[in-house]
1. Divide by every residue of the chain the summed helix terms, -39500 (n - 2.57) for each DSSP H run of at least 4, and state the resulting mean residue ellipticity at 222 nm, rounded to the nearest 500 deg cm²/dmol.
2. Give me a comma-separated list of calculated 3J(HN,Hα) values for region 159-168, in order, Karplus coefficients 6.51, -1.76, 1.60 applied at θ = phi - 60°, integers in Hz, x for any Gly or Pro.
3. Please work out how much length the chain gains when fully extended from ALA139 to LEU198, using 0.36 nm per residue of separation minus the C-alpha to C-alpha distance, in nm with one decimal.
4. Rounded to the nearest Å, what's the spacing between the alpha carbon centres of region 128-152 and region 183-201? Just the number, please.
5. Most mobile of LEU187, LEU41, LEU133 per a Gaussian network model of the chain (Cα springs, under 10 Å)?
6. Quick check: pseudo-label points 7 Å beyond the Cα along Cα→Cβ at TRP32 and GLU182, how many nm apart are they?
7. I'd like the per residue volume of the convex hull spanned by the Cα atoms of region 62-193, given in cubic angstrom.
8. Considering amide H positions built from the backbone, and no H for Pro or chain starts, which residues 5 or more places from VAL120, or on another chain, come under 5 Å of its amide H?
Amino acid sequence: MLAARALSRGRPTEWFEELYAAGDRGETTVPWNRPAAAPQLTEWLAGLGAPDGRRAVVVGCGLGADAEFVGAAGFATTAFDIAPTAVATVRRRFPDSPVDYRVADLLALPDEWAGAFDVVVEIINVQALPVSLRPTATAAVASLVAPGGNLLVVENVREDGAPPSERPPWAFTRAEVTAFAERGLELVSLKQTSTPTLRWQAEYRLT
Ligand SMILES: C[S@@+](CC[C@H](N)C(=O)[O-])C[C@H]1O[C@@H](n2cnc3c(N)ncnc32)[C@H](O)[C@@H]1O
């Protein structure tokens, strides 16, 4: 309902703050909130080896489960979300966190983040934005990756030929999930996972 209203106002990112604020007031629950990091992330990060001073960024960090995992693994971690209440809540939840939590808009990133991160984590955020914003959002995620860096993308699966949804999440076809291959990013692996629903797990590297 919040999403539908925001979309009809032509302000497709406003409902996230409205939802987190309602959650903070105890009026609703945040449907995607998880108590632990996504299994795709835990598997992928284990394969990246020791942090060795590498910088990580978690896009659309929500209430922090993934960012806390990456930070605890020893990466110098920044995590951001467009919703100020999400960021305030996560700072309150993890007062001793090593993660640098920020309010930021994927669609208008700070210039200094361009190519600044060795490890970039994008889990089910771009699919929460209308398809008309997808090329911009995809390019913005890709822009964060430093030379030699790695990117994880996890999005819901839409089979080729299936009609696009009328409301979020807007699941990804194979062509859409492989479209992060820009700026020299190469797709190094792509598979479907079924936790908690059918999702792509795409891994990219910038050489
Ligand atoms: C579906 S939730 C996913 C949250 C988290 N990544 C997860 O896996 O549970 C989408 C998140 O992206 C955030 N978000 C939406 N648009 C954004 C934008 N333009 N910039 C930054 N964060 C955004 C929302 O506030 C929300 O926390």
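1. Using -39500 (n - 2.57) per qualifying helix, the result is -7500 deg cm²/dmol.
2. 5, 4, x, 6, x, x, 5, 8, 9, x
3. 18.9 nm
4. The distance from the Cα centre of region 128-152 to that of region 183-201 comes to 14 Å.
5. LEU133
6. 2.0
7. Measuring per residue, one finds 119 Å³ for the Cα hull of region 62-193.
8. Amide H neighbours of VAL120, under 5 Å, 5+ apart: VAL57, ASN150, LEU151, LEU152.
Laboratory data are not the source of any read-out in this text; all were calculated from the coordinates shown. This one's a predicted model, so the numbers in the text were calculated from it and none came from an experiment. Note: ideal-geometry Cβ built from the backbone for every residue, glycine included; neighbour counts use all protein chains shown.
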